[in-house]
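All of the numbers you see were taken from the coordinates with simple rules; none came from a lab. For clarity, every value in this text was computed on a predicted model and none was experimentally measured. Reconstructed Cβ throughout: ideal geometry from the backbone, glycine too, with neighbour counts over all protein chains shown.
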Amino acid sequence: MPLVICRIHGRAGGELLSRTLFEFVKDRATWGNAPLVRPLTLAFEDIEFPGYMLDDDIVEVVQLGGVLEGSETYRFTDEEAMESAIGIFTATCYRCLRELIASQSKP
Ligand SMILES: [Zn+2]
């Protein structure tokens, strides 16, 4: 888990997420309008990158060649495509991300 500095939580563990989702996590005023956060894992051979994305990002993952395997894993057979998909990710404070996800699970 990468280490990140959060302006709310200080030093915190980092979680992988898409750059578009990162923009929402940074700006709490947008949380009420944020699209649903989806957990997913990018896989290539025995390498796995678990993280979080939005539906639009998952469309991009599929366009790059990711094939859904099980419920949340998108598997790549091409290493360059996998690298491109990993490039969608950045890291954020996992506590902020958890709070955003918790805000979405309220009725
Ligand atoms: Zn935080």
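Among 71, 103, sorting on how many other beta-carbon atoms sit within 10 Å of each Cβ, with the fewest leading, yields 71, 103. Using only side-chain charges placed at the Cβ, +1 for Lys and Arg and -1 for Asp and Glu, the dipole size of segment 3-104 relative to its Cα centre rounds to 840 debye. In terms of surrounding Cβ atoms within a 10 Å radius of their Cβ, 36, 64, 42, 21 rank from fewest to most as 36, 64, 42, 21. Relative to the longest principal axis of the Cα atoms of the chain, the long axis of helix 94-104 lies at roughly 80 degrees. The angle between the Cα long axis of helix 55-64 and the main principal axis of the chain comes to about 20°, on a 0 to 90 degree scale.
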